[in-house]
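Here's the structure, in structure tokens; my notes come after.
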Amino acid sequence: MTTGRTATRRQAGLTALYLGVFATLWFSVPKADPPLDTVLVVASVAALLTAVAGGVVAARARGVDAPPRDRATDRRYLLVVVAEFAAAGLGAALLGLVGWSAFIPVLVSAVVGLHFLPLAPVLGDPLLRPLGLAVCLVALVGLVAGLVSSGSMPLVVGVGTGLLLLGHALVALLRARAPRP
């Protein structure tokens, strides 16, 4: 999809920006007692700083030797994201209606993980596939944890998904800094 160092740097910056913001949100899912609550705040701040760094990288790389926008790629991206939000929103509403709102983080995490699979080729980022599978695995572990103990589901899913998104955002920043031939 993208070619050249600048376009790659911009895409990496945008990846860090978006995933840093969403990691921050995931770290806010679980309610935790001290000292874990402090750890979650620190993780949220780290994710937010990663998002800011990603925004700076993307802004600095904008427009310099960037290829023209591909409308077909933009359309595929929009379709995947709209499907993700629709599935997560409708699923969350249904779970709330039947009184299973505790399972909403698991559902949303699974949907987020699944949406990375079709986005990998659209964004030209093959690392989104293992990220998506890992996020789905976190959702499954969270579901199992929630079924065997009370209160652990949001903690497992929120922390697990947040860490995976933050990790991928940091990798994107490292890729943006790496020299290209």
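Taking the criterion of being within 30 Å of THR8 (Cα to Cα), of a type in the set (Val, Ile, Thr) and not in a helix (DSSP H, G or I), the only residue of the range 49-106 that qualifies is VAL64.
Just one of the listed residues (THR24, THR8, THR73) is open to solvent by less than 50 Å² (accessible area, probe 1.4 Å) and at pLDDT below 85, namely THR8.
Could you tell me how many of the residues in the range 77-99 are of a type outside the set (A, V, I, L, M, F, W, C) and closer than 15 Å to ALA120 by Cα? Here the count works out to 2. The residues of the range 115-132 that are surrounded by fewer than 20 Cβ atoms within 10 Å (Cβ to Cβ), out of contact with any Phe, Trp or Tyr (no Cβ under 8 Å at 6 or more places or on another chain) and at pLDDT 90 or above, listed by number, are HIS115, LEU117, PRO118, ALA120, PRO121, PRO126, LEU127, PRO130.
The values are calculated or read from the model by the stated rules, or taken from the named source; none is laboratory data. A quick note: this is a predicted structure, and the numbers were derived from the prediction, not measured. So basically every Cβ, Gly included, is an ideal-geometry build from the backbone, and we count neighbours across all protein chains shown. When the accessible area is computed, the model is the full protein with side chains, heavy atoms only, and any ligands, DNA or RNA have been set aside. Shrake-Rupley method; radii C 1.70, N 1.55, O 1.52, S 1.80 Å.
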